[in-house]
Structures are given as C-alpha cells and as structure tokens.
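Notes follow the structure.
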Amino acid sequence: MNLRFTKMHGIGNDFVIVDCRTQPFALSPAQIARVGDRHFGVGFDQLLTIEPALDSTCAFAYGIYNTDGSPAGQCGNGVRCVAAWLHRAGALAAGMTRLQSPSGPVAVELLDDGDVRVDMGVPRFVPVDVPLDLPAADPYRLRIADADVEFGAVSMGNPHAVIEVADIASAPLDSLGMALSTNPHFPQGCNIGFAQIADRAHVRLRVFERGAGATLACGSGACAAVAILCRRGKLDADVAVELPGGTLQIQWQGEGRPVWMRGPAAFVFEGEI
C-alpha cells in the first residue's frame with residue numbers, strides 16, 4: 001500500500017501526519033515503527049492521524065503513535081501541527097476551536113502570526129492519575145542504578161516526571177531518562193524531563209520521551225515542568241521554556257486551572273511511502 005503523508009515539526013519535535021478523514025488508519029505497530037525509522041523509513045518522533053471526531057463538540061480528532069509504534073495520549077507540539085495542517089487544508093478557520101485528542105477534547109487557537117495556542121488541560125498530580133505506583137509526595141524518591149533520584153510527577157494527558165538539575169548540559173538524559181521512563185513504578189511508562197531554572201520566567205528543558213527517546217522538544221513536557229515547578233513556588237505564571245529545538249511560552253494560573261501553551265508549527269514536505 002502507498003501512504004501519503006505530510007512531514008511537520010514543532011520546534012524540532014517532528015511528525016508524520018496522515019489524513020484519515022475519509023478512510024481509517026490501518027498500519028500495525030510494526031509498520032508504524034518501520035515508517036518511523038530514520039534510516040529505512042521517513043523518520044519521526046510521533047505519527048499523527050487526522051480523523052473524524054466522535055465527540056460532537058470537536059471539529060476533528062487526532063491519533064498519536066510513538067516511533068516504536070505504541071500509542072500515546074497527548075502531544076503538545078503535535079496538536080499545534082494538526083491545527084496548522086487543518087487550517088492549510090481549509091478545514092479550520094483562524095480563531096478558537098476544539099480537537100479530540102486520545103485523552104479528550106483540546107481547545108486550540110490559530111493566531112494571526114502563525115503560532116498556535118493550546119489549552120493543554122488541568123494538570124493532575126494524584127499518583128493514580130499519572131499513573132505512578134507510589135504514595136503521594138513532592139518530591140518523589142526512587143533508587144535508580146545505585147543513585148537516589150528525586151522528581152515531581154504529573155499527568156498532562158500523558159505521564160511526566162520532572163527532575164531539577166543545576167546544568168541541563170550535563171544531565172544524564174539517555175541513561176537516567178531510559179531507566180526512570182521504564183521503571184515499574186510507572187505502569188504505563190513515563191516521559192522524563194530534566195529542568196534547569198534560569199530565573200522565575202525562564203526554564204531550560206530536555207525530555208526523554210517514552211517510546212521515542214530524547215527529542216528536540218516536548219510540548220506536554222514543557223507544560224509538566226512548569227506545573228511542577230510553579231506548584232513548588234519557583235516560577236511565575238508566564239514562563240518561557242527553552243528546548244533544544246526552540247522556545248515555548250507556557251502559562252499556568254495554578255491549581256485547578258488549565259495550562260496554556262503557545263508555539264509555532266512548521267511544514268517541511270509532502271511525501272508518499
């Protein structure tokens with residue numbers, strides 16, 4: 001079969017987007033992983049499908065699949081790309097609308113400067129919601145590879161752990177990221193963020209994503225880092241999160257309120273495999 005796709009990225013977090021509005025998505029996890037291979041396929045951090053919405057309050061739905069073929073619940077950079085793709089296709093007008101993610105409805109706003117603003121939902125800190133098999137705490141502590149690791153945990157529609165570091169350049173992204181991401185205390189795996197606070201309005205972040213590994217950017221990871229660090233009183237309500245691929249603007253007004261993310265979405269090329 002031939003698969004037509006659009007390659008996009010949100011500050012370096014790259015995607016293959018497949019239009020499934022008129023026919024269902026039919027690739028197996030192994031086939032998704034093959035397309036995601038950067039040597040033998042197209043290469044992506046996540047594959048996104050655009051589908052008819054089952055929720056009548058949403059304009060369209062989207063699916064999310066990691067490089068290894070596993071499904072994901074949310075993708076902040078990805079939803080901006082989905083909204084931009086639909087806008088270019090003439091299916092979404094500028095302004096506010098709702099899209100149906102695997103984790104539920106998401107409000108998106110197409111801005112005049114080309115950026116997309118997204119309501120990423122209310123952070124959930126209760127361990128069972130993450131999910132995390134530990135008693136509630138902040139920070140949590142685990143023994144990983146003969147070292148004591150402290151982290152915060154939150155669900156942004158997908159599970160996140162955030163580790164504060166003094167210098168992001170020396171953070172053990174791959175080794176500790178992989179070890180904590182697959183730790184049995186996270187029954188669904190976890191995305192692991194390493195956050196360096198530059199000041200109350202500026203954070204530097206690297207993220208090891210479950211099912212994808214280290215990526216140039218992670219939108220939900222940026223939201224998770226701001227939520228956890230704001231909750232500790234270390235950040236203001238409006239924060240620039242600097243990732244290797246670029247910067248996202250994250251706003252959070254506190255407990256019970258949604259996190260808003262703003263950033264760009266870029267088209268790279270169209271293709272068929």
* To do: Mind checking the full-extension length gain between Ile144 and Asp113? Use 0.36 nm per residue of separation minus the Cα-Cα distance, one decimal, nm.
  => 6.7 nm
* Asked: Using alpha-carbon pairs under 8 Å, 6+ residues apart, how would you state the relative contact order of region 192-231 in percent?
  -> 31 percent
* For region 50-204, what is Rg from Cα atoms divided by 2.2 N^0.38 Å, rounded to two decimals? -> 1.18
* To do: Could you sort 150-157, 101-108, 136-143, 23-30 so that the peptide with the highest average Cβ count within 10 Å comes first and the rest follow in order?
  => 150-157, 101-108, 136-143, 23-30
* Structure fact -> All alpha-carbon distances of region 81-170, grouped into 5 Å bins from 0, give the whole-percent distribution 3, 11, 17, 15, 12, 12, 11, 9, 6, 3, 0
* Rounded to the nearest 500, what is the 222 nm mean residue ellipticity of the chain from helices alone, with -39500 (n - 2.57) per DSSP H run of 4+ residues and division by all residues? => -4500 deg cm²/dmol
* **Sequence-separation-based contact order of region 47-120, relative, with Cα cut under 8 Å and 6+ spacing, percent** => 28 percent
* Averaged per residue, what accessible area in Å² does the chain show with a 1.4 Å probe, protein chains only? -> 42 Å²
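Roughly how many debye, to the nearest 20, is the charge dipole of region 133-273 about its Cα centre, given +1 on each Lys and Arg Cβ, -1 on each Asp and Glu Cβ, and no other charges? Display every interim value, and only then the final one.
On the way: 11 positive and 16 negative charges, 60 e Å.
For this selection, approximately 300 debye.
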* Structure fact -> With Cα coordinates, the longest principal axis of the chain makes an angle with the long axis of helix 219-231, in degrees rounded to 10, of 30 degrees
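Highest mean first, what order results for 43-56, 67-80 on Cβ atoms within 10 Å?
On the way: 43-56: 18.4, 67-80: 23.4.
Ranking, from highest mean packing down: 67-80, 43-56.
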* Centre separation in Å (Cα based) which lies between region 156-205 and region 78-93 -> 30 Å
* Residue (of Gly213, Gly41, Leu173) at the positive-pole extreme of the chain, dipole from beta-carbon charges -> Gly41
* Asked: Magnitude of the Cβ-charge dipole of the chain, K/R +1 and D/E -1, about the Cα centre, nearest 20 debye?
  -> 220 debye
* Once label points are set 7 Å from the Cα along Cα→Cβ at both Asn2 and Ala237, what is their separation, rounded to one decimal in nm? -> 5.3 nm
* To do: Using the charge dipole of region 1-153 (Lys, Arg: +1 at Cβ; Asp, Glu: -1 at Cβ; taken about the Cα centre), state which of Ser56, Thr6, Pro123 has its Cα farthest towards the positive end.
  => Thr6
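Can you give the direction-averaged projected area of the convex hull of the alpha-carbon atoms in region 27-124, in nm²? Mind dumping the intermediate values first?
On the way: hull surface 28.2 nm².
Mean shadow area of the hull around the Cα atoms is 7.1 nm².
What shape does region 210-264 take by its C-alpha gyration tensor, where a ≥ b ≥ c are the square roots of the eigenvalues and a/c under 1.5 counts as rounded, a/b above b/c as prolate, and the rest as oblate?
On the way: a/c = 2.01, a/b = 1.64, b/c = 1.22.
Note, shape of region 210-264 comes out prolate.
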* To do: Considering Cα pairs under 8 angstrom that are at least six residues apart, work out the relative contact order of the chain and quote it in whole percent.
  => 21 percent
* Would you mind counting up the charge near Gln253? Only other residues with Cβ under 11 Å from its Cβ, with Lys and Arg at +1 and Asp and Glu at -1. => -2
* Taking only Cα atoms, what is the 0 to 90° angle, nearest 10, from helix 76-88's long axis to the longest principal axis of the chain? -> 20 degrees
* What fraction of the Cα pairs in the chain, stated in percent, has a spacing above 25 angstrom? -> 41 percent
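When the accessible area of the chain is computed with all protein chains present and a 1.4 Å probe, what percentage of it is carbon and sulfur? Could the numbers behind the result be given before it?
Values: 5840 of 11530 Å².
C and S fraction of accessible area: 51 percent.
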* Asked: Could you give the radius of gyration (one decimal) and Dmax (whole number) of the Cα atoms in region 145-257, in Å?
  -> 12.9, 38
* Assigned charges on the beta-carbon of Lys, Arg, Asp, Glu; region 21-124 dipole about Cα centre (debye) -> 180 debye
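The values are calculated or read from the model by the stated rules, or taken from the named source; none is laboratory data. These numbers come from a predicted model, not from an experiment. Note: ideal-geometry Cβ built from the backbone for every residue, glycine included; neighbour counts use all protein chains shown. We work out accessible area using only protein heavy atoms, side chains counted, and drop any ligands, DNA or RNA first. Shrake-Rupley method; radii C 1.70, N 1.55, O 1.52, S 1.80 Å.
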